[in-house]
Structure formats: structure tokens, C-alpha cells
1. To the nearest 20 debye, what charge dipole does segment B:431-567 have about its Cα centre, counting +1 at the Cβ of each Lys and Arg and -1 at the Cβ of each Asp and Glu?
2. How many partner chain Cβ atoms sit within 10 Å of a residue's Cβ in peptide B:271-283, on average, as a whole number?
3. Given a Förster distance of 56 Å, report the FRET efficiency between B:R102 and B:D561 from their Cβ-Cβ distance, rounded to the nearest 0.05.
4. Please give the calculated 222 nm ellipticity per residue for chain B, where each DSSP H segment of at least 4 residues contributes -39500 (n - 2.57) and the sum is spread over every residue; nearest 500 deg cm²/dmol?
5. Taking the square root of 5 times each eigenvalue of the Cα gyration tensor, what semi-axes in Å does the equivalent ellipsoid of segment B:434-526 have, largest first?
6. Pop a pseudo-label 7 angstrom from the Cα along the beta-carbon direction at both B:V368 and B:R466 and give the gap in nm to one decimal.
7. I'm checking a number: the convex hull volume of the Cα atoms of chain B, normalised per residue, in Å³. What is it?
8. How high is the relative contact order of chain B, given as a whole-number percent (alpha carbon pairs under 8 Å, six or more residues apart)?
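None of the figures in this text is laboratory data; all of them are computed from the coordinates on show. Nothing here was measured: the structure is a model prediction, and the numbers come from that model. Cβ placement follows ideal geometry from the backbone for every residue including glycine, while neighbour counts extend to all protein chains displayed.
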Amino acid sequence: MVRLLLVLAILFAACGDDSSRRVADAQVFDAPVDAAGSGSNAMTILEPHPHDSKLDILVAGLSVGVIVGPAFGARRRKRRDAI
Amino acid sequence: MPRDEQRWFAGAAAGLWLLFVVQALCSPVLLDDWFSLRYWRDHAFGITELWAYARHNYFHYNPRIGEVFLAVVDGSRALHVIVTPLVQLALLPAVFVIAFGRWPRRTVRDLQLLLFTQAMIWLVIPIPGIMYFYRPFTTNYLWGFTITLALFVPYRLALSDVPRRWLAPIVFVLGWAAGMCNEHTGPTAMVAMAAFVYAAWRRRRLRTWMVAGLAGLYLGYPMLFFAPGQAVRYGGLATRDTPVKLLAERGITGCFGILFDFFYECRLGILLVVAAVVRYAITRGRDAAWPPRRERLTAGLLVGTASAIVVTLFVSPTTTDRVFFASGVLLVAAFAILAEHLFGEPVVRRFTVAACLVVFGYHVVRFVETGLAIGADNAERIALLEAAPAGSVAVVPTYTYALRSRWVPGDDFIYFPWLRDYVGGELYDLATVDLDRFDGTPAARSIATWTFATAPPLRRDAPTYRELQRMPDHTPLALRAGPARAFAITTTGLFKDPRRRPLYVLTWTPAGERFVDGRPEDEPAGHFIRVRRATLPEPIEDAYVTGCGIVDRVEPVPAGDAVQLPVDERYCRGPFTAIACEHARCWVAGWY
């Protein structure tokens, strides 16, 4: 049960919607006049920052794998230690 | 060390280096790169011109040393391909030393820790593809923070080491360079440096080179922070938005929002570390142990240092994803310490390393995939621009990855339509550049009009201003379409005159011609458009310099047989066009 809750929490954390977290819209192409700066300045003002949802899901899945992956060696060692 | 492990280690290092080399070879020319190319087109690549560039930046533009590094790698592709991958590679052992106080050994165990570190860096920093492979960000942030970490490497190693006098001048320069890198990392670096030197003094291990590094850093950072260029950078943002004003505007909620943003950006890395901790706790049960006190302290200090850099951003005018780079890397160093402890449990090590390998592989695939695509698109675009006839409108395809993302900066010609005029007009002598998609922005157009005695007027695309400037005599052009009575080149879309006067580039009649000749002039006092007085009509009522969507009314400054029109680079580096207006009409009067 604890593991299931952990998995759900991890999935919730990793796959959350972040669409409201960035100020700029990646679909807006025409830079405003005051965004017409060079380099870092220019990038600063627009800065659409969409996340890679595949990576989010991948890391969530890997995290679950790290927690619940089979651990034959550890169990063997525990049994050995218990003898 | 087993030979097999050494081979694995060397192979992995070579593989990572190769990735960085491939990416460097694919690096597209984007945004700031164009400005550097424009500089190197007009100046020979060398130390003298680089010094002039750095000097101008320090006094009038962006004083960070990363801008000079950018000019170097933009000026020489060979240097970019050689040096940038080495710097990118050097970040990894530098983080390792900062975390563990020793160099990595050529063992599989340390290789696993390095893999963990690299995968976590890419996972934790918000835009790894841009930070690593968009040259302006790479030199300003990745190079910058690698230099800062490199400064601390000997300190981290030295408290148990022998004196090294020869290090003093090297560490002094490194300290100065680290100070000149970034405004938001400097204060924390100075505090950390003071702590290192104090600790060495307390242990009676203070060495000359340690003081030299401290002196360099404490010299470099004030030089950056109080540089004259700071007053004009970001459109004078630093002078308008003072720290007190920013703090008052942001309030407690806003400041914590920045801190929250940082940890939110790190969430995938945190998630993986939490998973490893949970697995360790589950596997070990009651035998689970905390890391030793010394490691806990080091990790805590690294998290504190990362947070301190973020806190510095509370008083920074710009708090965007890229400034989380340094904090993210330090957080990963803390994670690495924890990972080393957790890896004591084989099952945790096995699964975490496997997970990092997948994350690493995913990033490599995405880096290479996007890098090759944008590199090919960029090469095609440059080939089209080079092949387009002078004075024409070149149409180029948009990039496959046109939007900014975690992996690529996007298409600079889409995000910054004015850049098309700059690149087209100033680098390739084109009327402008159009995109085959997403093009909703009108660009400036020059039209040549031949007027004949009997035949109707003829209108064609005109040569660019710079082409006209290179012509010793405009009469052949005026007579190209036949015996013209008059010939004129006018421009639209460049400048909105409040008095709605027409804008001329050239007028010609058999009796004579008018072409106002102005060109770039770099002086220690700043950048100007120098206009030959003899070519100016009299009297001039208004003078303007327009660039990047902004029109500045300027006062001409007499300078011998010319007048200088100051270029205001607070917002951008161009393109700039000088406009000189008589009572009834205006003239294009030069460029920068």
C-alpha cells in the first residue's frame, strides 16, 4: 500500500501540468519592440519554456523502477546474513 | 586499478568528448552569433581586435568575460570545436572534486558516480540543450561556471596538500576570470572563497596561491559589477531596477517564488534521488544509515551554496531559467555525495545507475537528433543566403525545430524578425530575408525607380545601401535601364517619420546625385555612424538612428569633415540605420 501511494505521488509529481508556470507563449512569434534585444537579453524576454513530457514520464517510470525493481541479490544477502 | 575498468573509464570519457565534438561541429549560427560574425567580418581575428571588442563590451555593452569567449568561438570554428568540448568535459571532474575532495579514479565505481553526475546535471538544469550547445549561453554560463568551479578545485584539494608556489599567478587569473563571469554567482563564490581561506589559515595551511586566488576573485567581481557597461546593458535595466526596488516589488512571496521555481525546475532530479533514498531505506530497513557527518556537512554546504546563488537572484533584474545553471550544478554535487553513500547498497546502485544510463542516453539521442537537424537547417539557410543575388529578397525555410524547447533555442528569424534585416542587409547584402512560413512581419524594402522622358517609370528591387556605398559612381546604375531622366531609390518600412516625409537612399539626375555616405565608426567613447558632411543636404532638421524596432532622435556631433551619430546599443547590437531629414524629405544616412 505504501509503495502504491509512493508510486502515485511520484507520478503526480512528475507528470503535473506546468502550462501555467511560464509567462510567455511559445506560439507567439512576433517579438514585442522591447524584446528586440540581442542574445541573453532577447532570450530573456520571450523565453517560452515547454517541458519535454516524454522525459517527465520516462523519469517517473525510472523512479518507480528504482523503488520497486526486483532485488534478488539483496534478498539472498539478507537470507545469508540471517543464517 | 583493474585494466578493464580503466578501459571502460577511458571509453566513456572519449564517448562523452565525441558527443560534445559532434555537437560543436553542428552548432548553428543563431542570434548573438550573427553579431560576432558581423564583428569578425569587419575585423581581423586576432588578439588586438579581440581586446578592442572586450574593451568596448566592458565600457558600453555587456562586460561579462563570457562575451569575449563567445567572440573567440564565433571567430574561429576550429577553436570552438577544440575548446568548447574540453570545457564541457571539464565541468564533470570539477563537480566531482568539489563534491568529494578528490579527483575521480579510473574505476567503474567512480565512472558510475560521474555518470550519475552528468545525467543529473542534464536533468536538473532547465534547458540543457541550449545551455550546452547554444554558444552565447554556453560561453556565458557553462564556461563561466566551469571556470568558477576550476578556481575552487585546488582549494578543495589543497587543505591536505603541499604548498605550490607556481599556482599563485594561475589561480589569480582564474580568480579574476571567475569574478568576471556572472553577477549572480560572484557573491556566493566570494563568501565560499573567504571560508576556504579562513579554514586554511586556521589549520595553518594557508598558502600564497590561496591568497592570490582570493585577491583575483575579489578584484574580478567588483570589476564586473561596477563595469560602466552595466549602466547600459539590458537597456539600462540595472540602473532602473535597483536591488531595493526589486525586493520591494517582489515581496516575500515573489522571492520565495524564485526559490520555488528553482526547485521546481530540479524536480525530475529530485524525484530520482528520492526514489534512490526510498529504495535504500526499504532494502536496508533498520540497518539504513545516514552518510558520515563530514559528507552530510559537505552536501549541506553545497545545497546551501546553491540556494544562496538563487537568493542572490532576489535582487537581480533577470531571473530566468538559464541563471539556475550554477545552482543546479551545485545541487547535483550534493546529490552525488548522497549517491555515493546510497551506492553502498548494491541494489540501489544497480537501479540508480541503470536509470541514469537511460536518462543519459535519452539526452544524448535528443541532443544529437536536434543538433544534426538544426545544424543542417542552418547550413542550408546560410547557403541560400550566400547564393541569393545581392539586393534580392532571399526566402529561406524555417528550422525543423522552430520553437524554443528544452533542446533547442528555436528559429531566431521567427522570434526576432528584425534579425532577418540585419543578417540579410549587413552580412549578405540582401534587401531582406523572408521565411517560407510564420512570416507575418513586414520588412523594409528599397525600390529603385527610373524615370524616362517618354516611357513610363520603371520600378525594380534596389541594391542595398552597402552595395551603393561600394560603387564609386552611381551613373552606370542610373543608366542601366536606358537613358533615364531621373533615378531614385526610396525605402519603405524602415522608419516611421512623424512628419511623414519620404525616405530616400539615392537620387540621380544628369546634373548630379545625392547619396548620404555614413558608415560604422568604433571609438573608445562608443560606437557611432560617421556621416561625411559633404554628402549631407543642408539644412538638416532632424537626425535619427533606428534599429531593432526603436527610433532614437539624435544630435549630430561634429567631427572634422563628418558628423557622428551615436549608436545606442542598450537594447541590442543592431542593425542600426541613420536617418537625416531635410524639411521635405529624409535620407538614409549610414549604417552600423
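1. Details: 18 positive and 18 negative charges, 111 e Å.
So the dipole magnitude of segment B:431-567 works out to roughly 540 debye.
2. Working: counts 12, 7, 2, 7, 13, 3, 2, 8, 8, 1, 1, 7, 6.
Across B:271-283, the average partner-chain Cβ count within 10 Å equals 6.
3. 0.25
4. -17500 deg cm²/dmol
5. Numbers: eigenvalues 130, 83, 38 Å².
Equivalent ellipsoid of segment B:434-526: 26, 20, 14 Å, largest first.
6. 3.8 nm
7. Working: hull volume 105.4 nm³, N = 592.
Given the Cα convex hull of chain B, per-residue volume reads 178 Å³.
8. 13 percent
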